[in-house]
Amino acid sequence: MTNPQDSDSQRLERIESLVEKLVGGVEKIARDQAEMRAEQAEMRAEIAELKAGQAEMRAEMAELRAEQSEIRAEQAVIRAEQSAIRDVQAKILAGQAEIRDEMAEIRAEQAEIRAEQAVIRDVQAKILAGQAEIRAEQAEIRAEQSAIRDEQAVIRAEQAEIRAEQSAIRDEQAEIRAEQSAIRAEQAAMRAEQAAMRRDIARLSSDMGVIKGWQTELVVERRAGAVFRQLCRGGRLLRIYPHGEMQHYIGAVRHAGNMTEQEFERAGSVDFVLEGTDGEGAAVMYAVEVSFTVGVGDSDRAIGKAALLTRVLGREVRPGAAGESPSAEFEDDATQRGVAYAYIGNGRDIVR
C-alpha cells in the first residue's frame, strides 16, 4: 500500500512540474503572462493550504495512533487482571468482545479513510490535466478533508466511549474484588467452624473410644475363660482377682514403703488379673490390659504392670493384652516382647 506521505510528496512534485510547464507557456504567450502569474500565485497559496491541511491530518493520525496504543496498554492491564478473577470471566470476556467489535469498527473506518485518501490521490492526478481541473479538484479535496476531520471526530467520540466502558469494567472489577474479600471472610469463618467441628468430633471419638473400652472389658470379664485359653494354650482359668482384693495387696506394699505413689497408681490401674494353670497343670498368672483397638501401648502397659504385680504378689505375673482389633504393628511387637494376646471378634468370639 502506498504511503500517504510519499503520495503527497509526489503530488506536490507533479504540481510544481505542471506549474513550470505553465510558466513556460506564459513566456510563450506574452499577452497572458500577467494572468498566468496571478493564477500561479493563487495555485501556490492553495497548495500551501493543502500542505497545512495534510500536516494537520498527519498530526491527528499520530494522536489517533497514540490513543490506540494507550487503549492496547489498558487492554493488557485488563487481561492481566482478568486472569486473577475467574469468577467474572464471562462478564469481562463479553466486555472485551464489545471492545474488539468497536476496534473492528475503528479499523473499518480507518480503511474508509484510506479509501478516501486513494480518491484524493486520483483527484490530484487529474490536476495534471489542467489548471481549471486542478482548482475544481482542490475544492473537492478540501471537502473530502473536512469529511475526514468529521470522521476523525467520530472516531475520537467512539474512543471516548471505549474509555468510559473500560472505566466501567474497572469499577466492576473493584466490586468483584470486594465480593472476593467478603467470600474470603466467609471462608475464614467456615474454616473456624470446621475446626470447632473437628474438635467436637475428636472429643466424640475419644468418648466413643472410652465406651468401646468399657464394652470390651465387659466382654473379657464375661468370657474370661476363653480369653485365658488364648493367653495360655491348653490352660484353664481358676479365678479373676477382684479389684478390691488386688488393691488390698498393692496397698499393703505401698504402706510398707516398697512402692512409690506413681507405681502404686500404675499397679492399681490394671484391667484384669487372671490366675489359672497351663497345659501341664503349672500355676500361671496374667496382668491383662484391655482396649477396643489393642496396640503397642497396651503391650507397654501390660509389661510394666506385670512387673509391679510380680513384686506385690511375690510370684511371676505374665503380661497379656486383649482387644477387638489389633493395630498394624501389634502382633509382631507383642510376640517379640513376650506379651500374650487374645482377640475379641465383634465383641463376642475369642480368636487368636
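The values are calculated or read from the model by the stated rules, or taken from the named source; none is laboratory data. Note that the coordinates shown come from a computational prediction; the quantities given were computed from them, not determined experimentally. Neighbour counts are summed over all protein chains in view; Cβ atoms, including those assigned to glycine, are modelled from backbone coordinates with ideal geometry.
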Taking the range 294-308 only, how many residues are under 13 Å from Asp332 (Cα atoms) and either touching a residue at least 40 places away in the same chain (Cβ under 8 Å) or not in a helix (DSSP H, G or I) (or both)? 3
Pull up the range 263-314, narrow it to residues that are polar (S, T, N, Q) and under 19 Å from Glu217 (Cβ atoms), then point me to the one that is surrounded by the fewest Cβ atoms within 10 Å (Cβ to Cβ). Ser269
Could you say which residue among Leu274, Leu238 is touching a Ser or Thr at 6+ places or on another chain (Cβ under 8 Å) and among the aliphatic types (A, V, I, L, M)? Leu238
Does the range 247-270 contain at least one residue that is free of Cβ contacts under 8 Å to residues at least 12 places away in the same chain and acidic (Asp, Glu)? yes
Taking the conditions exactly as written (of a type in the set (A, V, I, L, M, F, W, C), part of a loop (DSSP other than H, G, I, E, B) and modelled with pLDDT under 85), does Ala80 satisfy them or not? no
Answer yes if at least one residue in the range 233-255 is surrounded by 18 or more Cβ atoms within 10 Å (Cβ to Cβ), modelled with pLDDT of 90 or more and among the small types (Gly, Ala, Ser), and no otherwise. yes
Candidates Ala62, Ala55 - the one that is exposed (fewer than 11 other Cβ atoms within 10 Å of the Cβ) and either within 60 Å of the chain's Cα centre (by Cα) or not charged (D, E, K, R) (or both): Ala62
What are the residues in the range 309-341 that are closer than 21 Å to Gln247 by Cβ and assigned to a helix (DSSP H, G or I), if any? Leu309, Thr310, Arg311, Val312, Leu313
Taking the range 11-39 as the search range and keeping residues that are modelled with pLDDT of 75 or more and surrounded by 14 or more Cβ atoms within 10 Å (Cβ to Cβ), which one is nearest to Ala132 (Cα to Cα)? Glu39
Restricting the search to the range 322-352, which residues are touching a Phe, Trp or Tyr at 6+ places or on another chain (Cβ under 6 Å), closer than 29 Å to Ile250 by Cβ and at pLDDT below 90? Glu324
Among the residues of the range 280-309, write down those that are over 60 Å from the mean Cα position of the chain (by Cα) and of a type in the set (A, V, I, L, M, F, W, C). Ala282, Ala283, Val284, Met285, Leu309
Residue in the range 268-279 that is assigned by TED's automatic domain parsing to the domain that holds Leu218, under 54 Å from the mean Cα position of the chain (by Cα) and among the small types (Gly, Ala, Ser) present: yes
Assess whether Pro319 counts as being at pLDDT 95 or above and closer than 24 Å to Arg223 by Cβ. yes
Go through the residues of the range 143-154 one by one and say whether even a single one is modelled with pLDDT under 80 and within 21 Å of Glu39 (Cβ to Cβ). no
